[in-house]
Amino acid sequence: MDKNQGYSILKAVMLENGRGFALGEHPTAPSRYVTWACYDDKDGQRQYEWGHYGNDRAAMEQDFADRVQDYQRIYNVGIRQTEAPGLYKYYSTQRPVDIGTFPKPPYNKPDEIFNYDQRIPVENGSFLAWGYLTYTRPLTEKQASDYELRPAPDNPDRPRPIAEQMKNAAKLAEADRGSEAPAPQRRQPDRGDR
């Protein structure tokens, strides 16, 4: 995972317009936690700015969530990807993971490499794999295809069920309404009125 000014990035959210926010931790700094606004420059290097610092992890996680939500509401952009150590998992279906069998894109080296003792069924038996790798950022379809890697179904960049998408849209719409008066309630007819 990335580091900035000695802070290890615990998680980041990148938005559709290329901007994002990150939460970092530095155990020996005067302010142990930080949230930054961030973006990737033309070389793919992550740049951090506008830090909010604090020592209470719960408060800084709330600050991180609030910054993401406020930015989404103001600029009407969705989340492109969520990053955290080992968040994106790819299975090696054709061979054990070894030198030259996986991509190493700049600024996105694997966080974890794990080989099984043999090729085994994974993801509730849906396919067989020799092992897996985890990355902080997603691989492109070409990178995964070139090395015959199969993304895990629960990776954040995978399509979500429509029911889950509708719930998220309803939450955002409710947040946009803010403190407006609630919608009038429909009155159901009394069974005795028939």
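The values are calculated or read from the model by the stated rules, or taken from the named source; none is laboratory data. Since we're looking at a predicted model, the values are computed, not measured. Reconstructed Cβ throughout: ideal geometry from the backbone, glycine too, with neighbour counts over all protein chains shown. Heavy atoms of the whole protein, side chains included, go into the accessibility calculation; ligands, DNA and RNA do not. Shrake-Rupley method; radii C 1.70, N 1.55, O 1.52, S 1.80 Å.
Report the local net charge at Gln69: Lys and Arg +1, Asp and Glu -1, summed over other residues whose C-beta lies under 12 Å from its C-beta.
Numbers: positive: Arg67, Arg73, Lys171; negative: Asp63, Asp66, Asp70, Glu174, Asp176.
Spelling it out: positives minus negatives among the neighbours equals -2.
Tell me, what is the per residue accessible area of the chain in Å², probe radius 1.4 Å?
On the way: 12660 Å² over 194 residues.
Solvent-accessible surface per residue comes out at 65 Å².
If I stretch the segment between Gln45 and Ala58 completely, what's the gain in nm (0.36 nm per residue apart, minus their alpha carbon distance), one decimal?
On the way: separation 13, 0.36 × 13 = 4.68 nm, distance 2.82 nm.
Stretched out fully, the Gln45 to Ala58 stretch lengthens by 1.9 nm.
Against the longest alpha carbon principal axis of the chain, how many degrees, from 0 to 90 and to the nearest 10, is the axis of helix 57-75 turned?
Between helix and principal axis, roughly 70 degrees.
Give me the net charge of Trp36's neighbourhood, meaning all other residues with Cβ under 15 Å from the Cβ of Trp36; Lys, Arg count +1, Asp, Glu -1.
Numbers: positive: Lys3, Lys11, Arg19, Arg32, Arg46, Arg67; negative: Asp2, Glu25, Asp40, Asp41, Glu49, Glu61, Asp63, Asp66, Asp70, Glu83.
That works out to -4.
Given a 1.4 angstrom probe, I'd like the percentage of the accessible area of region 3-83 that is carbon and sulfur, rounded to a whole number. All intermediate terms of the calculation are to be shown ahead of the outcome.
Details: 2010 of 4400 Å².
In region 3-83, the share of accessible area belonging to carbon and sulfur is 46 percent.
Test of understanding: what is the full-extension gain from Ala65 to Lys109, defined as 0.36 nm times their sequence separation minus their Cα-Cα distance?
On the way: separation 44, 0.36 × 44 = 15.84 nm, distance 2.62 nm.
Length gained, Ala65 through Lys109: 13.2 nm.
Quick one: net charge around Gln94, please, counting Lys, Arg +1 and Asp, Glu -1 for every other residue with C-beta under 10 Å from its C-beta. Write out the running numbers ahead of the final one.
On the way: positive: Arg95, Arg119, Arg150; negative: Glu148.
It works out to a net charge of +2.
Relative to the present Cα-Cα distance, how much length would full extension add between Ala152 and Gln5 at 0.36 nm per residue of separation? Mind dumping the intermediate values first?
Values: separation 147, 0.36 × 147 = 52.92 nm, distance 3.23 nm.
That works out to 49.7 nm of additional length.
Given the chain, what whole percent of its Cα pairs are spread farther than 20 Å? Each step should come with its number before you reach the end.
Details: 12199 of 18721 pairs.
Across the chain, Cα pairs with separations above 20 Å total 65 percent.
Using the crude model of +1 on Lys and Arg Cβ and -1 on Asp and Glu Cβ, and no other charge, please compute the dipole size for the chain relative to its Cα centre, in debye to 20.
Details: 27 positive and 29 negative charges, 88 e Å.
In total the dipole reaches around 420 debye.
Can you compute the helix-only [θ] at 222 nm over the chain? Use -39500 (n - 2.57) per DSSP H run of at least 4 residues, normalise by all residues, nearest 500 deg cm²/dmol.
-7000 deg cm²/dmol
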